[in-house]
1. In whole Å, how far is the Cα centre of region 2-21 from that of region 209-247?
2. Looking at region 186-266, I'd like the Rg to Rh ratio, where Rg is from alpha-carbon atoms and Rh is Kirkwood's inverse mean 1/r.
3. Cα-Cα over 26 Å: which of Lys212/Lys300; Lys78/Lys324; Lys248/Lys324?
4. Which one of Ala54, Leu190, Val143 has its Cα pushed farthest toward the positive end of the charge dipole of region 54-204, where Lys and Arg give +1 and Asp and Glu give -1 at the Cβ?
5. Counting helices only, and only those DSSP H runs with n ≥ 4, report the 222 nm mean residue ellipticity of the chain as the sum of -39,500 (n - 2.57) divided by its residues, in deg cm²/dmol to the nearest 500.
6. Share of Cα-Cα pairs in region 28-121 beyond 21 Å, in percent?
7. Looking at the chain only, what percent of DSSP beta bridges run antiparallel? Nearest 5 please.
8. Any chance you could list the semi-axes, whole Å, largest first, of the equivalent ellipsoid that the Cα gyration tensor gives for the chain, using √(5λ)?
Amino acid sequence: MTHGITRANSCTLHTHNNPKSGLVAIIAIHNTTLGPALGGCRCISYPDTLAATADVTRLAKGMSYKAALAGIQQGGGKSVLMRPAKIKDRHAYFEEFGEFVESLGGSYITSVDSGTNTADMDDIAHTTSYVCGTSYDGCTPSVYTAMGVLAGIQAAVRQQMHRWDMAGVHVVIQGVGNVGSSLAIALEKLGAKLSLSDINSNTLNACMERLKAPGAVNIIHPDDVAAEPCDVYSPCGLGDVINQHSLKNLACKVIAGSANNQLSTDADGLLLHQKGILYAPDYVINAGGLIDVSLISEGKSEQQVETKTKEIGTTLKEIFERSKVEDKPCHAIADQMAESILYH
Ligand code: NAD
C-alpha cells in the first residue's frame, strides 16, 4: 500500500493506492479560506490517473467556488475512487476509504457523489466521523440539489422567457439518477412538459415509475439529448456535455442542471453567451446538497436548509442580470463573484 502528498492544479492531492483491495483514491483540497474542505466522493472508472487527477482537482475547485457563492462556511475539496472492474468487498472498500479520510484529521469531509450512495457513507462512517450523507445523520443532499436546480430553472425561465410559471415549459433532463429523478417529479407537479434520457434503462424505468403520468413523458436516446429542441436542457448526468460538438446542435433557450463541470472549456461558455443561450453556472445551481450537509451538520433545521437552497434562484438572477449588463458569459460573472469572496 502506498500513500502520497503532491500538488496539482492549485490543489493539495492526497493519494492512497492498495493493489490488494483495489482501492485507488485521490483526495484533492483546493481552498480552506472559508472552512474545512467538504465535497463528495465519486466512484467511477477512469482511463488513467491523469484523468482522475484532472477530474478531482476541477471538482475540488468547483466546491470552493460553490461554497463561496452559496454563503457556506466550508472549503473546497473532493475525492475520486478509481473504480476497479469489480469491487471485491464493497463494505471493506469504503471502510478503507474512511480510514484514509480519517488520516487527514478533518481537513476533508466526504459525502455522496456519482457512483456512491448512502450505504457507502454508512460504511465510511465505521472508520471516520468526517462524513455526511449517512442513512442516520438527517442529510438528503440529492433532494436539496434537485430543489436548488428547480429554483435555478425557474429563475432562468423568468429571465429568458419572461415566464413566471412552468406550465408547458419543455424541459429535457439528461440523467435521471438521484437528482434528475427528484427534479423530474417536481417539474411534473408544476405542469412542465418532460423529456427524459438515461444511459441506464433500469434508472430510467425507476424514474418513470415515480411519475404520475409517465405516458406524457418523451424518452430521448442519449445520443440525441443535446440536439432536442426544448426550452430548458438540464444536464444531470456527468460533465463536459457542453463542448465543440454539442454546441453545433444545441436547440434550447436555457441550460440549467445539476451536473458538475458542464462546460468542457471556458470558450464553450463564451459561445453559449454569443448564441443567446442562458447558462446557469453549474456550481451555483447545484449547491443545494452542499447547503444541506453543511447546515445540518451545524444543527440547523430542514426549514433553514430549504430557505437557503431557494436563495440559489436569487444568486442566479443577479448573475443573469450582470451577464446581460456587462455582456459577459454567466460562468465568467460567477467566477468573478466567487473569487472576490475567496481572494479578497
Ligand atoms: P447519479 O449517478 O445518481 O445519476 C446520474 C445519472 O446520469 C445516472 O443514472 C447515469 O446513468 C446517467 N447518465 C450519465 N451520463 C449520461 C448521459 N450521457 N446521458 C444520459 N444519462 C446519463 O448521480 P446524481 O447524484 O444524480 O448526480 C448527477 C450529477 O449532479 C453529477 O454530475 C453529480 O456530480 C452532480 N451533483 C450531484 C449532487 C448530489 O447531491 N447528488 C450535488 C451536486 C452535483
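Read-outs: derived from the displayed coordinates by stated rules, not from any lab. This structure is a prediction, so every number in the text was calculated from the model and none was measured. Glycine also receives a Cβ, built like all others from the backbone with ideal geometry; neighbour counts cover every protein chain displayed.
1. Each part's Cα centre sits 35 Å from the other's.
2. 0.96
3. Flagged as over cut-off: Lys212/Lys300; Lys78/Lys324.
4. With unit charges placed on the Cβ atoms, the residue in question is Leu190.
5. Helices in the chain give a 222 nm mean residue ellipticity of -14000 deg cm²/dmol.
6. Roughly 31 percent, rounded to a whole number.
7. So the antiparallel bridges in the chain amount to around 40 percent.
8. Values for the chain, descending: 31, 22, 20 Å.
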